[in-house]
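What follows is a short report on a single structure.
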Amino acid sequence: MTRIFRDFWDSSLTARLTRRVLVIVAATFLLLLAILKIQYLMERDSLRDATLQMQAYDISSRTIVDESGAPKVVLPEGLHAAYSRPDRPYVYLILDGEGRVLASSHGMEEPLAPVPAQGEDPLFRNVDLSTGIDYYGITVPLGNTPFHVQVAQGPAHSDVLEDSLIEEFLEHSWPFLLALALGISAVTVWTVRQSLAPVRRLSYMARNIGPASLDRRLPEDNLPSEITPLVHAVNTSLQRIESGYRREREFTANAAHELRTPLAVLKANIETLSSLEEVPQLIDELGDIERLVTQLLRLAQVDNLVLRPGEEADLHAVALAVAQQLASMALASGKSIELTGEQGRVPVRGHADFLALALRNLVENALAHAPRSTSVEIRVGADASVSVIDEGPGVSQGDTARIFERFVRVKPGAYKGAGLGLSIAQRVAAAHGGSISVGREPGRGAVFTLKLPGDPPVSAP
Ligand SMILES: Nc1ncnc2c1ncn2[C@@H]1O[C@H](COP(=O)(O)OP(=O)(O)OP(=O)(O)O)[C@@H](O)[C@H]1O
Ligand SMILES: [Mg+2]
């Protein structure tokens, strides 16, 4: 249970947001306290000085000088009580010109501070020697008389005031802040849950997509804009998976179909075998099946072909290797192979073995279609292209697209082929970012051109 809670607390978006909201509320609370404290400190001194001034003028206005010239302070009852408190938080003294005490609130005999000279700061901070109380006070002249009024406050008040202000703030504001934190958390939880409702709906729908329902897509309307790209990406992936899956299924079905016919023929021939003289024909048929299986394997290989960055090949060397490999096969059928065009290195980004596989299929086709005693030309272009030209019948306009499809042969009986060579070559070209085009050379047969992207590899000399 605690683990479930911990997992929820760590990974849930709601929990994360709630946590942050609580932190923000607590930080705001502390910030308010700090602001209050700073404001209090800024105001405290000027407030205290102003109060002292007012106190001093209040005492001045209530001081009368009798006929004998002696000053006397006459206070109303409330003020009198404040200036008579035994703990002496507020005191006043009336001083003569020399600073001697003429009258005072608590029968004090010594002044709290000397009378300030002209231009001197009237404020003072001093300890009353008779009581030991630390006073903060002010000395002001008493009207047009030679006397001075001295009023002072004891030390306790400022701190008490400060503490009580903060206490009051805490006392009155914590229920409000708690309610605020709970309120914001509740709104956050509700908002997150509401906002994530479409995500929950989508997960439910995504769970139900399987091999039997690969054509289904997640709805992209009315979603929070933050998750639309994610859903779009999932749909695009589903699209790719669906077409890949369909291709695989089609391919397996085609492969099974293509293999079944020659196997059935072979089986029938074996069953009706009357003499050993027919064995070479059976071996020939087995060779066709072997070719079909080999082409299927190659196609599966190139279907998964992904070029590694930095892979590099020399197109001329590839063409030379293919020409050498197929030279004896060409000779056996009374034909030849000619390597023309660029004779030096033609560096390209690509995989030499797979490029050779693609080119070999093009040359095999050319040899299969070229009449005896003719030559198949492999022409390497400096623009990262290689063309295979033969003297055969060429490819009619209507067939140029479909011959690249799997298992398509224009004249199935004309020669033994699996109908996969051009698909393999085209897949290799595509994996290299290139293409294969088919055309006709004037006065000759078909021209198949494998074109790779023009920019040569950086490391090329
Ligand atoms: N040089 C060419 N001249 C004329 N037709 C061609 C040429 N190359 C290919 N074709 C046509 O395109 C078809 C498809 O070629 P592809 O190489 O894919 O299959 P294939 O040669 O029949 O079998 P395999 O998989 O054994 O190569 C061929 O059957 C042929 O009809
Ligand atoms: Mg072929």
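For the reader, a short list of remarks on this structure follows.
- Only listed residue being among the basic types (Lys, Arg), assigned to a helix (DSSP H, G or I) and within 30 Å of residue 14 (Cα to Cα), chosen from 193, 217: 193
- In the set (1) within 8 Å of ligand 1 (Cβ to nearest atom); (2) surrounded by fewer than 21 Cβ atoms within 10 Å (Cβ to Cβ); (3) within 14 Å of residue 449 (Cβ to Cβ), residue 392 fails one condition alone, (3).
- Residue identified as surrounded by 21 or more Cβ atoms within 10 Å (Cβ to Cβ), farther than 28 Å from residue 453 by Cα, within 11 Å of ligand 1 (Cβ to nearest atom) and not charged (D, E, K, R) among 366, 370: 370
- When residues of the range 292-310 are limited to those that are surrounded by fewer than 17 Cβ atoms within 10 Å (Cβ to Cβ) and of a type in the set (D, E, K, R), the one modelled with the lowest pLDDT: 303
- Residue 313 fulfils the conditions (1) crowded, with 19+ Cβ neighbours inside 10 Å; (2) assigned to a helix (DSSP H, G or I) except for a single criterion, (2).
- Just one of (1) of a type outside the set (Lys, Arg); (2) assigned to a helix (DSSP H, G or I); (3) exposed (fewer than 13 other Cβ atoms within 10 Å of the Cβ); (4) touching a strand residue (DSSP E or B) at 6+ places or on another chain (Cβ under 8 Å) fails for residue 261. It is (4).
- Test: residue in the range 203-221 that is acidic (Asp, Glu) and free of Cβ contacts under 8 Å to residues at least 24 places away in the same chain: yes
- Selected residue (criterion: surrounded by the fewest Cβ atoms within 10 Å (Cβ to Cβ)) from residues of the range 442-456 that are within 16 Å of ligand 2 (Cβ to nearest atom) and among the aliphatic types (A, V, I, L, M): 447
- Filter result (free of Cβ contacts under 8 Å to residues at least 60 places away in the same chain, touching a strand residue (DSSP E or B) at 6+ places or on another chain (Cβ under 9 Å) and away from ligand 2 (no atom under 16 Å from the Cβ)) within the range 355-380: 373, 374, 375, 377, 379
- Test result for residue 327, buried (at least 16 other Cβ atoms within 10 Å of the Cβ), modelled with pLDDT of 95 or more and either within 21 Å of residue 413 (Cα to Cα) or more than 14 Å from ligand 1 (Cβ to nearest atom) (or both): no
- Any hit, the range 424-433, residues being surrounded by fewer than 22 Cβ atoms within 10 Å (Cβ to Cβ), near ligand 1 (Cβ under 9 Å from one of its atoms) and hydrophobic (A, V, I, L, M, F, W, C): no
- Lone qualifier among 17, 79 - being assigned to a helix (DSSP H, G or I) and in contact (Cβ under 8 Å) with a residue 24 or more places away in the chain: 17
- Answer from 390, 383 - the residue that is within 16 Å of ligand 2 (Cβ to nearest atom) and in contact (Cβ under 8 Å) with a residue 40 or more places away in the chain: 390
- Matching option when the condition is farther than 16 Å from residue 438 by Cβ and within 13 Å of ligand 1 (Cβ to nearest atom), among 345, 298: 298
- Boolean, residue 410 is within 50 Å of the chain's Cα centre (by Cα) and within 13 Å of ligand 1 (Cβ to nearest atom): no
- For the range 214-245, filtering for residues that are exposed (fewer than 11 other Cβ atoms within 10 Å of the Cβ) and under 24 Å from residue 303 (Cα atoms) leaves 4.
- Filter result (exposed (fewer than 14 other Cβ atoms within 10 Å of the Cβ) and part of a strand (DSSP E or B)) within the range 109-133: 125, 127
- For the range 442-461, filtered to residues that are of a type in the set (Gly, Ala, Ser) and in a loop (DSSP other than H, G, I, E, B), the residue that is modelled with the lowest pLDDT is 460.
- The residue that is nearest to ligand 2 (Cβ to nearest atom), among those in the range 410-441 that are part of a helix (DSSP H, G or I) and among the hydrophobic types (A, V, I, L, M, F, W, C), is 422.
- Condition check for residue 355: modelled with pLDDT of 95 or more, within 11 Å of ligand 1 (Cβ to nearest atom) and closer than 21 Å to residue 423 by Cβ: no
- Single residue of the range 339-354 satisfying the filter (among the charged types (D, E, K, R) and in contact (Cβ under 8 Å) with a residue 40 or more places away in the chain) that is nearest to residue 307 (Cα to Cα): 349
- Scanning the range 349-363 for residues that are crowded, with 23+ Cβ neighbours inside 10 Å and over 17 Å from residue 333 (Cα atoms) yields 350, 354, 355, 358, 359.
- Options 378, 403: the member that is of a type in the set (A, V, I, L, M), within 15 Å of ligand 1 (Cβ to nearest atom) and in a strand (DSSP E or B): 378
The values are calculated or read from the model by the stated rules, or taken from the named source; none is laboratory data. Worth saying up front: this structure is predicted, and the values here are computed from it rather than measured. Ideal geometry is used to build each Cβ from the backbone, glycine not excepted, and the neighbour counts take in all protein chains shown.
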